[in-house]
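Working notes for the structure below.
The values are calculated or read from the model by the stated rules, or taken from the named source; none is laboratory data. The structure displayed is predicted, hence computed values, not measured ones. Glycine gets a Cβ as well: all are built from the backbone with ideal geometry, and neighbour counts include every protein chain shown.
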Amino acid sequence: MSRFLSAFAMAIVGSLLGCSQSTTSSSSTSTSSTAKTKLQGSGASFPAPLYRRWFRDFQKDSPNVLVDYQAKGSGAGIQDLINETVDFAASDAAMTTDEIAQVKRGVLLLPLTAGKVVLAYNLPGGPNELRLSRDAYCGILMGQIARWNDARIAACNPDTTLPDTPITVVVRSDSSGTTHVLSTHLSEINATWKSQFGINKSINWPAVSNLVKAPKNDGVLALVKQTPGAIGYVEYSFAVQTKQPMAVLENREGNFVPPTAQSGQAALASAQEIPEDLILWIADPTGSDSYPIVTYTWLLCYRKYDDAKQSQAIKDLVEYCISQGQSASEPIGYIPLPSPMVDRVRAAVAQIE
């Protein structure tokens with residue numbers, strides 16, 4: 001089973017990203033008489049498809065810079081940054097005050113893009129468009145709803161007959177920013193979740209009768225695709241690139257909203273003023289057209305670098321991502337940064353020494 005899952009996940013990653021886990025381009029692996037500046041990063045799998053696209057394209061314009069990014073999960077990336085084994089990291093869960101204090105060289109949290117967390121499902125015999133109310137998807141994730149024809153799901157889908165199939169809930173096995181985003185939203189809308197499970201990158205999941213775990217977004221999606229009756233949470237681009245069905249979720253205003261570029265942008269637009277540290281959570285967006293589970297995702301870089309070429313390379317890389325790179329966001333399935341956030345990120349990155 002594990003061998004099959006591993007091969008299945010690798011196949012999905014290959015089709016989704018069109019490249020290896022390393023972002024170093026093939027042309028960059030050749031030797032050159034000119035010393036190249038290398039930037040090594042690790043962390044969130046949530047933005048990995050976009051990051052790899054950005055880093056590959058950046059290297060074409062800056063051939064003397066090599067960027068390598070390993071999608072290990074947000075928690076692992078943060079720990080690598082603290083241990084100073086990377087030059088930058090990435091996380092969908094903004095670093096905590098305690099984590100920031102452990103970074104001796106100081107750290108900047110830079111939102112470079114945003115995305116949607118979706119509930120991808122595999123339901124043979126189910127509706128073409130599956131609607132889930134807040135009560136329904138909270139109930140599924142808390143183990144209160146065990147079969148697809150439960151009355152709370154049926155009430156959201158009155159014009160279809162749901163199969164009497166057990167629900168398999170697929171969750172993350174690693175320390176995950178995607179889990180942090182989902183648990184932040186659930187804590188905002190459900191008092192029971194907030195009191196019993198809370199917000200974290202790793203959750204002590206409730207006693208769901210059919211609960212399985214997999215690492216990273218692509219691992220969760222692989223299990224969903226191979227398991228009839230499964231539902232799992234992943235970043236939108238992973239599901240859309242592999243054409244996996246995604247639930248239409250009820251938002252704060254009581255409307256059922258699909259995960260689209262427009263509904264993601266509406267959710268970001270509902271946010272309050274950007275805080276000084278650029279840590280902005282949108283736990284339950286307002287607005288009739290807003291998709292309910294969205295988040296910024298952060299590039300984490302040091303405030304000080306020992307190598308002047310590295311510090312300049314980081315600045316150039318971030319500038320590329322928030323300018324030319326933003327045009328690649330929507331086609332891949334991410335939400336482009338609002339212009340006020342672009343201005344704030346540009347001002348923040350100027351602080352790097």
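Yes or no: region 273-286 includes at least one residue that is outside the structural domain of LEU249 (by TED's automatic domain parsing) and crowded, with 24+ Cβ neighbours inside 10 Å.
yes
Just to be sure, is TYR236 under 20 Å from HIS180 (Cα atoms), touching a strand residue (DSSP E or B) at 6+ places or on another chain (Cβ under 7 Å) and either touching a residue at least 12 places away in the same chain (Cβ under 8 Å) or not assigned by TED's automatic domain parsing to the domain that holds ALA214 (or both)?
For TYR236, the condition - under 20 Å from HIS180 (Cα atoms), touching a strand residue (DSSP E or B) at 6+ places or on another chain (Cβ under 7 Å) and either touching a residue at least 12 places away in the same chain (Cβ under 8 Å) or not assigned by TED's automatic domain parsing to the domain that holds ALA214 (or both) - is met.
Suppose the filter is of a type in the set (S, T, N, Q) and without any contact (Cβ under 8 Å) to a residue 24 or more places away in the chain; does ASN200 pass it?
Criteria met by ASN200.
ASN128 - would you say it is touching a helix residue (DSSP H, G or I) at 6+ places or on another chain (Cβ under 6 Å), over 15 Å from TRP298 (Cβ atoms), outside the structural domain of ILE314 (by TED's automatic domain parsing) and not aliphatic (A, V, I, L, M)?
No: the conditions fail for ASN128.
Any residue at all in region 262-275 that is in a loop (DSSP other than H, G, I, E, B) and modelled with pLDDT of 95 or more?
Within region 262-275, not a single residue is in a loop (DSSP other than H, G, I, E, B) and modelled with pLDDT of 95 or more.
Residues that are among the charged types (D, E, K, R) and modelled with pLDDT of 95 or more: which helices (runs of 4 or more DSSP H) entirely in region 187-242 hold 1 or more of them?
Result: 191-196, 216-226.
Every residue in region 158-172 that is under 20 Å from the mean Cα position of the chain (by Cα) and either part of a helix (DSSP H, G or I) or farther than 21 Å from TRP298 by Cα (or both), please.
Matches in region 158-172: VAL169, VAL170, VAL171.
Residue by residue, here is whether (1) crowded, with 16+ Cβ neighbours inside 10 Å; (2) among the aliphatic types (A, V, I, L, M) holds:
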position: CYS156; (1), (2): yes, no
position: THR168; (1), (2): yes, no
position: SER183; (1), (2): yes, no
position: LYS194; (1), (2): no, no
position: VAL208; (1), (2): yes, yes
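When the residues of region 56-90 are narrowed to those that are in contact (Cβ under 8 Å) with a residue 60 or more places away in the chain and among the hydroxyl-bearing types (Ser, Thr, Tyr), which ends up surrounded by the fewest Cβ atoms within 10 Å (Cβ to Cβ)?
Result: SER62.
How many residues are over 15 Å from CYS138 (Cα atoms) and either among the hydroxyl-bearing types (Ser, Thr, Tyr) or in the same structural domain as PHE46 (by TED's automatic domain parsing) (or both) when one looks only at region 168-208?
5
Scan region 140-151 and give yes if some residue there is more than 28 Å from ARG346 (Cβ to Cβ), free of Cβ contacts under 8 Å to residues at least 24 places away in the same chain and not in a loop (DSSP other than H, G, I, E, B), otherwise no.
Checking region 140-151: at least one residue is more than 28 Å from ARG346 (Cβ to Cβ), free of Cβ contacts under 8 Å to residues at least 24 places away in the same chain and not in a loop (DSSP other than H, G, I, E, B).
Being part of a loop (DSSP other than H, G, I, E, B) and either at pLDDT 95 or above or within 23 Å of ASN255 (Cβ to Cβ) (or both) is true for just one of ILE314, ILE282. Which residue is that?
Answer to the check: ILE282.
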